[in-house]
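S.K.: Pasting in a structure now, in structure tokens, and then I'll have a few things to ask.
The values are calculated or read from the model by the stated rules, or taken from the named source; none is laboratory data. Owing to the predicted nature of the structure, the values given are computational and were not obtained by experimental measurement. Positions of Cβ are generated from backbone atoms using ideal geometry, with glycine treated the same way; all protein chains shown enter the neighbour counts.
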Amino acid sequence: MSETDSPASDSARWYLIQTKPRQEGRAAEHLQRQNFECYRPLKPGEKKRGSRALSEEELFPGYLFIRMDQTSDNWYPIRSTRGVARIVTFGGLPIPVKNELIEQIRQRLRVPPKVTFKEGEAVRITAEGFNDVEAIFLAADGDERAVILLNLLQREQKVTLPVSSLVRMTVQA
């Protein structure tokens, strides 16, 4: 069953599963092999150094959602599933997560957040050919493009690039 399939039972609800550290993917894979519907929210991440592909990061590291019918589904195999640490409970009972909350998470992940930079802010270019080159954000050029100040051959040049190819410089302590 994929993340978008819906089981036939209308009484199925979403529940929260805590996974073992960095084993969200493994837990989801093994739960799906047992015919459980899982939802593992992923958000776009930064490019890994030396890689051309964008990475994906866990929206909720250490957790995923599982859709089950509390009365007809067998809960016992979940606890021994590879990658699963436990079912999140309150007072010893699994607490359902509202369908509306799951839908809101899915909706927000479909629409990428609009990245905004401030004039004069230090940015790093992730576009191919400029990998990890530092620049200064000057202005937005519409919704999807940015004008940056780049030091090329010891001269400052204004360059226009897609906003999606810029990331904020992180301050390292």
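S.K.: Would you confirm whether or not region 98-108 contains a residue that is surrounded by 14 or more Cβ atoms within 10 Å (Cβ to Cβ), touching a residue at least 60 places away in the same chain (Cβ under 8 Å) and either in the same structural domain as L42 (by TED's automatic domain parsing) or of a type in the set (A, V, I, L, M) (or both)?
M.R.: yes
S.K.: If N74 satisfies every condition in (1) surrounded by 14 or more Cβ atoms within 10 Å (Cβ to Cβ); (2) assigned by TED's automatic domain parsing to the domain that holds G25 but one, which is the exception?
M.R.: (1)
S.K.: Filtering region 78-127 down to residues that are farther than 26 Å from P21 by Cβ and among the aliphatic types (A, V, I, L, M), which residue is farthest from the chain's Cα centre (by Cα)?
M.R.: A122
S.K.: Now a separate question. I want to confirm something. Restricting to region 54-69 and keeping residues that are modelled with pLDDT under 95 and touching a strand residue (DSSP E or B) at 6+ places or on another chain (Cβ under 7 Å), which single residue is surrounded by the most Cβ atoms within 10 Å (Cβ to Cβ)?
M.R.: Restricting to residues being modelled with pLDDT under 95 and touching a strand residue (DSSP E or B) at 6+ places or on another chain (Cβ under 7 Å), the top hit is M68.
S.K.: Something else about it: Any chance you could count how many residues in region 78-87 are in contact with a Phe, Trp or Tyr (Cβ under 9 Å, 6 or more places away or on another chain) and exposed (fewer than 14 other Cβ atoms within 10 Å of the Cβ)?
M.R.: The qualifying residues number 0.
S.K.: Name every residue in region 131-150 that is of a type outside the set (A, V, I, L, M) and either in a strand (DSSP E or B) or more than 15 Å from S165 (Cβ to Cβ) (or both), in order of residue number.
M.R.: Across region 131-150, the qualifying residues are E134, F137, R145.
S.K.: Working only within region 111-139, note down all residues that are at pLDDT 85 or above and among the charged types (D, E, K, R).
M.R.: K118, E119, E121, R124, E134
S.K.: Taking the stated definitions as given, is E128 part of a strand (DSSP E or B), on the phi < 0 side of the Ramachandran plot, loosely packed, with under 14 Cβ neighbours inside 10 Å and not assigned by TED's automatic domain parsing to the domain that holds K43?
M.R.: Against the criterion (part of a strand (DSSP E or B), on the phi < 0 side of the Ramachandran plot, loosely packed, with under 14 Cβ neighbours inside 10 Å and not assigned by TED's automatic domain parsing to the domain that holds K43), E128 does not qualify.
S.K.: Within the group I136, I148, I95, which residue is touching a strand residue (DSSP E or B) at 6+ places or on another chain (Cβ under 8 Å) and within 30 Å of W14 (Cβ to Cβ)?
M.R.: I95
S.K.: So, one more: For region 163-173, which residues satisfy the criterion of being among the β-branched types (V, I, T) and assigned to a loop (DSSP other than H, G, I, E, B)?
M.R.: Result: T170, V171.
S.K.: Something else about it: Would you be able to tell me the number of residues in region 151-162 that are in a strand (DSSP E or B) and over 24 Å from P44 (Cβ atoms)?
M.R.: 6
Per-residue answers, yes or no, for (1) under 18 Å from F36 (Cα atoms); (2) of a type in the set (D, E):
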| position | (1), (2) |
| --- | --- |
| R82 | yes, no |
| L109 | no, no |
| T126 | no, no |
| D132 | no, yes |
| I136 | no, no |
| A139 | no, no |
| E144 | no, yes |
| I148 | no, no |
